[in-house]
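The values are calculated or read from the model by the stated rules, or taken from the named source; none is laboratory data. Fair warning: this is a prediction, and the values are worked out from it, not measured in the lab. Reconstructed Cβ throughout: ideal geometry from the backbone, glycine too, with neighbour counts over all protein chains shown. Note: accessible area is taken over every heavy atom of the protein model, side chains too, but ligands, DNA and RNA are not part of it. Shrake-Rupley method; radii C 1.70, N 1.55, O 1.52, S 1.80 Å.
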Amino acid sequence: MVKRKKSNIKLHPDTQAVHAGVKPDLQTGAVMTPIYATSTYAHKSPGEHSGYEYSRTQNPTREVLEKSLAELEDGHKAFAFASGVAAQSAILEILKPGDHIIAFDDLYGGTFRLFNEIKAKSSGISVTYVDLNKSFAKEIKKNTKMIWIETPTNPLLKITDLKRVARIAKKNNLITVCDNTFATPLNQKPLNFGIDIINHSLTKYINGHSDVIGGCLVIGKNRLLDKKISLIQNSMGAIPSAFDCFLILRGIKTLSLRMKKHNENGLKIARFLKQHKKVSKVTYPGLTNHPQKEIARKQMNGFGGIVSFLFDGNLNQIKTFMKKLKLFTIAESLGGVESLIESPALMTHAYLDDSDKNESIPKNLIRISAGIEDADDLINDLKQALKS
Ligand code: PLP
């Protein structure tokens, strides 16, 4: 029997990423968490079981992943889901028909779609999109129950002051949700600023290798939320497989190393693009021209690998530029070890109708997900593709 050692020592993020929630397997001492590929568990006698009954409800591999995510976010408990949007739709089950959400006006396109196309129609939940950096008190109605934040946002990299929004929410008895996918717990820990629920697409940086779709929710010590989300996770059943949990756990071990490189490459690429004549605007929270740079500095430890920029040219010229790239793959998603590039208007945010896109997502906006390759190689690739 391998003993679990308890420790209350505050660990460095590098150490935390390797060890968070993970202990040698109690039965065998296996250093890597085993993949418990089973749907069900033997009872000693009817009703007398090991603590595991059925894998939708409990699975030891998933349990380790959930412990790891909770520890990384300084949370009390985490719940793993089959995708980032599955985790988001689980949160929305907390609400009742007719409830109202105030959401940031820049979000991942799939979150807009979940709100507008699914929840508004099936559950009668309404959403008002606001700039959370301005005063939004007048939007809080009798039926408002939740404030939905993404920071940095996808794809415009807007930043919101988590402490300020959490304070307003507490005053009005509203639940706050923060999509922390772009930052990861290495760059930002929303629970420490008073946020109630964190949502991640584990598909992105946390897994980091573009080979799993997954999601999670992390909560603080709110017992009511713990009970509600446990019930929703088990009843709705959108849980990840043990194999996917294993892969994500494997990815987490290098999260700290990877985030350092993503942060470094993101900043170098943003600085390079900023001085290029074919680029009319670069958005990156680590640049001095970012409108919320002070807030970013206050609540983040690094600014990630996502860089958005406006290409000075028409759609055909944008396509030619993107196709000339040799190291960047034209693909949706982000946060993997390899660098990706995409056009939000044509790809990830194509769901939004044209009037929305014209207003907030210009057709010449390009989003880069800087991987962990050498920064000079990436910059040289951009340079050659930008040459006319
Ligand atoms: N949140 C953000 C910020 C995202 O970028 C994405 C996907 O791109 C999601 C949530 C949804 O995650 P998934 O694709 O794992 O369902």
- Task: With respect to Tyr108, determine if the residue is open to solvent by 40 Å² or more (accessible area, probe 1.4 Å) and within 14 Å of the ligand (Cβ to nearest atom).
- Result: yes
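Taking the conditions exactly as written (closer than 23 Å to Ala80 by Cα and touching a helix residue (DSSP H, G or I) at 6+ places or on another chain (Cβ under 9 Å)), does Asn154 satisfy them or not?
Spelling it out, Asn154 is indeed closer than 23 Å to Ala80 by Cα and touching a helix residue (DSSP H, G or I) at 6+ places or on another chain (Cβ under 9 Å).
One line per residue, one yes/no per condition, for (1) surrounded by 15 or more Cβ atoms within 10 Å (Cβ to Cβ); (2) outside any loop (DSSP other than H, G, I, E, B); (3) at pLDDT below 95; (4) in the same structural domain as Gln233 (by TED's automatic domain parsing):
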residue	(1), (2), (3), (4)
Asp25	yes, no, yes, yes
Thr28	no, no, yes, yes
Tyr36	yes, no, no, yes
Ala42	no, no, no, yes
Gly51	no, no, yes, yes
Leu65	yes, yes, no, yes
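Hey, could you check the range 53-63 for residues that are of a type in the set (D, E, K, R) and in contact (Cβ under 8 Å) with a residue 24 or more places away in the chain and say which is most open to solvent (accessible area, probe 1.4 Å)?
Arg56
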- Note on the structure: Reported set for the range 159-195 where residues are assigned to a loop (DSSP other than H, G, I, E, B), charged (D, E, K, R) and surrounded by 22 or more Cβ atoms within 10 Å (Cβ to Cβ) is Lys189
- Message: Please go through the range 122-158 and give me each residue that is open to solvent by less than 10 Å² (accessible area, probe 1.4 Å), farther than 19 Å from Pro291 by Cβ and out of contact with any Lys or Arg (no Cβ under 7 Å at 6 or more places or on another chain), ordered by number.
- Response: Thr144, Met146, Ile147, Trp148
- Residues (of a type in the set (Gly, Ala, Ser) and either surrounded by fewer than 16 Cβ atoms within 10 Å (Cβ to Cβ) or more than 15 Å from Gly305 (Cα to Cα) (or both)) located in the range 254-285: Ser280
- Task: Count, please, the residues in the range 111-136 that happen to be outside any helix (DSSP H, G or I), within 16 Å of the ligand (Cβ to nearest atom) and either under 14 Å from Leu92 (Cα atoms) or free of Cβ contacts under 8 Å to residues at least 12 places away in the same chain (or both).
- Result: 1
